[in-house]
Ligand code: HEC
């Protein structure tokens, strides 16, 4: 009789361990989802703003000549940095914006600029493969 009741106790303990594991796993999942959400909304406003604006090719070309020519070439043919004349076919606007403002790939620096300037540069890059 005693042995059956102790088996019951072990089963109960297993069940509560499973419950604990389940709780830990689900709170971990919640945490990851929250983190991703916060992370996204942290970097989204700039990109969103930039994508909403309509850029000026002319001003974009001026900004390109001031900031990017040294590494990407006067006709965007590529020098130290890769060719950019067809970059808008290869990369999404979001990826290009991140590339320019985040500075994740040295030696390319990160650029701090208004969304309007970023939109202008994007328009310029789009104009290159038309
Ligand atoms: C100091 C040199 C330098 C300057 C200045 C620079 N870049 Fe770059 N850029 C690079 C290098 C090097 C890479 C390649 C990085 C890599 O992929 O590791 C790159 C990559 C890129 C890419 C991604 C291209 C691809 O095919 O993956 C884009 C887009 C870009 N640059 C845009 C710009 C723009 C726009 C400017 C001006 C606002 C600029 N860069 C200024 C050096 C530079």
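Rundown of residues vs (1) under 30 Å from residue 116 (Cα atoms); (2) touching a strand residue (DSSP E or B) at 6+ places or on another chain (Cβ under 9 Å); (3) at pLDDT 90 or above, yes/no style:
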position: 8; (1), (2), (3): no, no, no
position: 27; (1), (2), (3): no, no, yes
position: 37; (1), (2), (3): yes, no, no
position: 49; (1), (2), (3): yes, no, yes
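For the stretch 75-130, a tally of residues being touching a residue at least 60 places away in the same chain (Cβ under 8 Å) and near the ligand (Cβ under 10 Å from one of its atoms) returns 5.
The values are calculated or read from the model by the stated rules, or taken from the named source; none is laboratory data. Everything quoted here is computed from the prediction, not taken from an experiment. We place every Cβ from the backbone using ideal geometry, glycine too, and count neighbours over all the protein chains shown.
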